[in-house]
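The structure appears below as structure tokens.
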Amino acid sequence: MTKRYLATLPDGRLAVTQLNGLDPDGAKLAKALFELSRGTEKNTHFDPSVHTLAAIAAGIPGHSPLTTVEVDEADLPYHILGNGDPAHGMCLDPNCHDRYFRNAMVWDNTQTGKCRCDMPKARGVHMDCIRLCRNEELVKKDVTFMRAVEAGDTSAQATIATEKQVLRDIPQTFDLTTDTPIQLKARWPSELPARE
């Protein structure tokens, strides 16, 4: 059975690491964690005698403290494993269903359903998608606004300026309060084109 190592990164994302070959002294895992924990310090080279799992867990200069949980590959749901096979691994969280909220998934070893979606993170992921679509719409409005300027159409300019302000206000005004990832993913501002 293949082992995977899960670590929560400093920004809250879940990292999944698989080692090739045997790692009896833990040096391969320590090297992987060393690279994942890098912060601003980019010049330090991995030294297995210094950069042990314990040292990395405690935090070394220029790196964030990082620990892992060892799990069997079969215990990981497909959206955490990243193999794209919905038949692989059953997530015990009934609201975990696809990779859309992959960066909001957390592994909680203290609960029966270890894989769960962190709703505040999921709201951030969803708002990032909304912002991308909103930004595309703002670019389109910029083009029509410039055409109205060239034509001297002040009425169209005022209308487009109002529409652009509505788009700019979406992150502050659109309510993403929901209880589940499924409900959250279904919420989409009416001012934006429907998603496919």
Legend entry - Inter-probe distance in nm under a simple model that places probes 7 Å from Cα toward Cβ, at residue 158 and residue 188: 3.3 nm
Inset, instruction - Just subtract the alpha-carbon distance of residue 131 and residue 73 from 0.36 nm times their residue separation and send over the number in nm, one decimal. - result: 17.4 nm
Inset, instruction - Go through region 12-26 residue by residue and turn each phi into a ³J(HN,Hα) via Karplus (6.51, -1.76, 1.60, θ = phi - 60°); whole Hz please, and just put x for glycine and proline. - result: x, 6, 9, 9, 10, 10, 10, 9, 8, x, 7, 9, x, 9, x
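Compare the peptides 12-19, 40-47 by average per-residue count of other Cβ atoms within 10 angstrom and give them in order, highest first.
Values: 12-19: 14.9, 40-47: 9.5.
Listed from highest to lowest mean packing, they are 12-19, 40-47.
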Inset, instruction - Could you calculate the contour length gain from residue 2 to residue 141, that is, 0.36 nm times the residue separation minus the distance between their Cα atoms, to one decimal place in nm? - result: 44.9 nm
Inset, instruction - Could you please rank 174, 101, placing first whichever residue has the fewest other Cβ atoms within 10 Å of its Cβ? - result: 174, 101
Inset, instruction - Scale the Cα Rg of region 120-186 by the rule-of-thumb value 2.2 N^0.38 Å and send over the ratio, two decimals. - result: 1.42
Legend entry - Relative contact order computed over region 120-186 (Cα-Cα under 8 Å; 6+ residues apart), in percent: 40 percent
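Just so you know, all these numbers are worked out from the coordinates, no wet-lab data involved. Remember, predicted model here, so these are calculated numbers, not experimental data. Every residue, glycine among them, receives a Cβ derived from its backbone with ideal geometry; neighbour counts consider all protein chains shown.
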